[in-house]
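Trainee: Provided herewith is a single structure, encoded as structure tokens, for subsequent inquiry.
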Amino acid sequence: MKLRAFSATSLEDLPDLQSVPQHRRLTKNPLIERLRMAVPHDFIAISGLDVDDFRFGQRLCFDTNLPPAFIETYIIEELGRIDPFRDAALKTEGTIIESEVYTRSAPPQRLAYLASSFGIHNRTLFPITRNGVTYGAITLTRTEPFETDEIAFMEMVADTIHAAVTKPLRQRFVAQHMKLTPGELICLTNASFGLTSDEIAKTTGYQPDTVNSYIKSAIKKLGAENRSHAIAEAIRRRLIR
């Protein structure tokens, strides 16, 4: 299996989120290199997006520098079905430490052999959550177990790192995937500045009724309760600033 490297530019050639390869090679990233200085690690995998069908556990969608041969074998042999670490990650909301999982449920021999062969040890997963729902995760591996202070640091910065690495995908596809139109995004952006519908109309050239219609439809698409909630959701999803 070939892990393809993607930049924001190369994503422009793809029509939709479904067309993005599920497994992408994580190229040199300044933030990841900075993270490596703070928390030395061997491999990293950054998975999940906060959109339907692409959340953590729903679809194998991730950026990683894990060995391609390991990923290929893991997927082809469906080791995820018998991997106690993955099972634990899908059932809990907190940080998952491989050694703690294995004290309760030993890994299958095949998985243990592959992990040893490729130097993948002490997987530690940091979930990315929203409203109690885990939609993404960062997993680090290292020969030596991670220290308590390193784990605490990762728990503080995991969301920021996840957002930075997945930013090209979000900017290119999430609004499209949620079927938000340019008009809806423009009105939400102006509403986030505190403008009323009449003020947005003057700024954009839309009629006030059009502004209200755009915002109403955006509220529905974002699963929000009202205008303020929709703005908060759009900002949280990094659809607007």
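Trainee: What does the charge count near ARG142 come to, summing +1 for each Lys or Arg and -1 for each Asp or Glu among other residues with Cβ under 12 Å from its Cβ?
Mentor: Residues near ARG142 contribute -3 overall.
Trainee: Send over the per residue convex hull volume for the chain, Cα only, as a whole number of Å³.
Mentor: Considering the Cα atoms of the chain, their hull volume per residue is 134 Å³.
Trainee: Taking the solvent-accessible surface of protein heavy atoms with a 1.4 Å probe, what is the per residue accessible area of the chain in Å²? Could you put the intermediate results ahead of the total?
Mentor: Values: 12760 Å² over 241 residues.
Counting only protein heavy atoms, the per-residue value for the chain is 53 Å².
Trainee: Give the residue from PRO40, ILE96, THR134 lying farthest towards the positive end of the charge dipole for the chain; charges sit on Cβ (+1 for Lys and Arg, -1 for Asp and Glu) and the dipole is referred to the Cα centre.
Mentor: Farthest towards the positive pole: THR134.
Trainee: A follow-up question, please. I'd like the FRET efficiency for LYS179 and THR148, computed as 1/(1 + (r/R0)^6) with the beta carbon distance as r and R0 of 45 Å, rounded to 0.05. Please list the in-between numbers first.
Mentor: Values: r = 44 Å, r/R0 = 0.98.
After rounding, the FRET efficiency stands at 0.55.
Trainee: Using DSSP H assignments, which helices in the chain have an axial alpha-carbon span of 24 Å or above and a mean Kyte-Doolittle hydropathy of 1.6 or higher?
Mentor: Once both thresholds are applied, nothing remains.
Trainee: Say we join alpha carbon atoms closer than 10 Å with springs in a Gaussian network model of the chain; which of ILE120, ILE186, ILE128 then has the biggest fluctuation?
Mentor: Among ILE120, ILE186, ILE128, the largest mean-square fluctuation in the Gaussian network model of the chain belongs to ILE186.
Trainee: Please find the FRET efficiency linking ILE75 to HIS229, where r is the Cβ-Cβ separation and R0 is fixed at 35 Å, and quote it to the nearest 0.05.
Mentor: The pair ILE75/HIS229 has a calculated efficiency of 0.40.
Trainee: When you have a sec, figure out the Kirkwood radius of region 97-218 from all distinct Cα pair distances and drop it here in Å to one decimal?
Mentor: Evaluated on region 97-218, it is 18.4 Å.
Trainee: Looking at region 70-173, which GluC sites (Glu not before Pro) are DSSP coil and have at most 16 other C-beta atoms within 10 Å of their C-beta?
Mentor: Answer by residue number: GLU77, GLU78, GLU93, GLU147.
Trainee: Distance in nm between label sites at ALA112 and GLU199, each 7 Å beyond Cα in the beta-carbon direction?
Mentor: Taking the simple label geometry, ALA112 and GLU199 are separated by 6.4 nm.
Trainee: What does the helix-only formula give at 222 nm for the chain: each DSSP H stretch with n ≥ 4 adding -39500 (n - 2.57), the total divided by the residues, and the result rounded to the nearest 500 deg cm²/dmol?
Mentor: My calculation for the chain gives -13500 deg cm²/dmol from helical runs alone.
Trainee: Under a GNM of the chain (C-alpha, springs under 10 Å), which listed residue has the highest mean-square fluctuation: ALA201, ALA88, ALA218?
Mentor: The residue with the greatest mean-square fluctuation here is ALA201.
Trainee: Across bins of 10 angstrom width beginning at 0, how are the C-alpha pair distances of region 10-57 distributed, in whole percent?
Mentor: For region 10-57, the binned pair fractions read 20, 41, 32, 7 percent.
Trainee: Assuming a viscosity of 1.002 mPa s and a temperature of 20 °C, what translational diffusion coefficient in µm² per second does Stokes-Einstein assign to region 201-240, Rh being the Kirkwood radius over Cα pairs?
Mentor: 205
Trainee: Quick one: net charge of SER105's neighbours, Cβ under 12 Å, K/R +1, D/E -1?
Mentor: -1
Trainee: Then there's this: Return the percentage of antiparallel bridges among DSSP beta bridges fully within region 11-169, rounded to the nearest 5 %. Write down the numbers at each step before the final one.
Mentor: On the way: 17 of 20 bridges.
So the antiparallel bridges amount to about 85 percent of the total.
Trainee: Further question: Could you identify which residue out of THR103, THR141, THR129 has the top mean-square fluctuation in a GNM of the chain using Cα springs shorter than 10 Å?
Mentor: Checking each option, the largest mean-square fluctuation is seen for THR103.
Trainee: While we're looking at this one, here's another question. Add +1 for every Lys or Arg and -1 for every Asp or Glu among the other residues with Cβ under 15 Å from the Cβ of ILE231, and state the total.
Mentor: Working: positive: LYS216, LYS220, LYS221, ARG227, ARG236, ARG237, ARG238, ARG241; negative: GLU184, GLU199, GLU225, GLU233.
Local net charge: +4.
Trainee: Could you tell me the relative contact order of the chain? Use alpha-carbon pairs under 8 Å, at least six residues apart, and round to a whole percent.
Mentor: Answer for the chain is 18 percent.
The values are calculated or read from the model by the stated rules, or taken from the named source; none is laboratory data. Computed from a predicted model, the values in this text were never measured in an experiment. All Cβ positions, glycine included, derive from the backbone under ideal geometry; neighbour counts span all protein chains shown. Each accessible area value is taken on the protein alone, full model and side chains, heavy atoms only, with ligands, DNA and RNA left out. Shrake-Rupley method; radii C 1.70, N 1.55, O 1.52, S 1.80 Å.
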